[in-house]
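Quick notes on the structure that follows.
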Amino acid sequence: DDYAGHPTLGHNKIVPLTQSASSGFEGQLELRFNPFLYVSGGCDPYPAVDATGNLGEGLRPTGGGRSGCDDGGTAQVYVRGGQSQNRTGIMFSYYMPKVRWGKGNNEGHTHYWASVVVWLNQFGCGEDASSVSPVGVSFTTDHLVWDTAPAGKISYASSGVGVDTPTHPKMQIHDNAFSPFTGADGDKVFERTVVSWFSLPEAAKKALSDVKYEKTQVPVTDANFQAQLDAAYRESFYGGLTDQQGC
């Protein structure tokens, strides 16, 4: 791993940033569709960087999948919205200090990023978040490998604050792979703290842009975001829908 001269701290010493969504309508959508996440195996998500640009130094991929990384709390989810094929998707990306998917030295590595993209369609006009609904969800099952589920195959949760319509897709991650969460709700299924790529302090943004991980990459940087969003897109999500309902 090449940290490009940026300082590092232990993965559990990186202070998470407070919630900071994008401004305006985009930020409303980021908060409205922030997934509820259940970790069924492997590390919890942790903050990857702090406000002054210190990067998490990760963990060696030894021991159990959750050893040393099972107390991430509300951590951080790094969020960036964009378009692919003129369709809107919001990417929610999570950093884990290590990943393991089996026993042995070749069954894991230090540092891992995993992502969920919620694809949206607006059933109405104007900047009214309640008129926007998910049509499908894409999710990584390995580094740069995407799977998908239509909106009807995803369960949704309410945040309990503001409008309590269930809009948050429920997802689980086991080691390196996301999948839809189908279990019962509980205190281990919850949102992580949103930080928009565009709201990151400059030092944090530069550190994430500069770091070169050996086995993974930061999905939301300018260098990586569009290619990953395009890879996650599926035209089938929008079958039978008119373009933004004529807006």
Taking the conditions exactly as written (charged (D, E, K, R), closer than 16 Å to Met171 by Cα and over 12 Å from the mean Cα position of the chain (by Cα)), does Asp50 satisfy them or not? no
Gly81 passes all but one of the listed conditions (1) farther than 18 Å from Glu191 by Cα; (2) assigned to a strand (DSSP E or B); the exception is number (1)
Would you say Gly27 is without any contact (Cβ under 8 Å) to a residue 40 or more places away in the chain, surrounded by fewer than 21 Cβ atoms within 10 Å (Cβ to Cβ) and over 18 Å from Ser115 (Cβ atoms)? no
What number of residues within segment 90-118 satisfy the criterion of being in a strand (DSSP E or B) and out of contact with any strand residue (DSSP E or B) (no Cβ under 9 Å at 6 or more places or on another chain)? 0
Does segment 89-100 contain at least one residue that is out of contact with any Phe, Trp or Tyr (no Cβ under 9 Å at 6 or more places or on another chain) and under 30 Å from Asp50 (Cβ atoms)? yes
Based on this model, can you work out whether Ser179 counts as touching a Pro at 6+ places or on another chain (Cβ under 6 Å) and within 25 Å of Ser67 (Cα to Cα)? no
Can you tell which of Asn12, Asn34 is over 18 Å from Gln172 (Cα atoms) and not in a helix (DSSP H, G or I)? Asn12
What number goes with the only condition from (1) closer than 20 Å to Ser40 by Cα; (2) surrounded by fewer than 15 Cβ atoms within 10 Å (Cβ to Cβ); (3) modelled with pLDDT of 95 or more that Ser155 does not pass? (2)
Considering only segment 119-130, I want to know if a residue exists there that is at pLDDT 95 or above, within 22 Å of Asn224 (Cα to Cα), of a type outside the set (Asp, Glu) and not in a loop (DSSP other than H, G, I, E, B). yes
State whether one or more residues within segment 61-75 are touching a residue at least 24 places away in the same chain (Cβ under 8 Å) and within 14 Å of the chain's Cα centre (by Cα). yes
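The values are calculated or read from the model by the stated rules, or taken from the named source; none is laboratory data. All figures in this text were calculated on a predicted structure; none of them were measured in a lab. With ideal geometry, Cβ positions are generated from the backbone for all residues, glycine too; neighbour counts draw on all protein chains shown.
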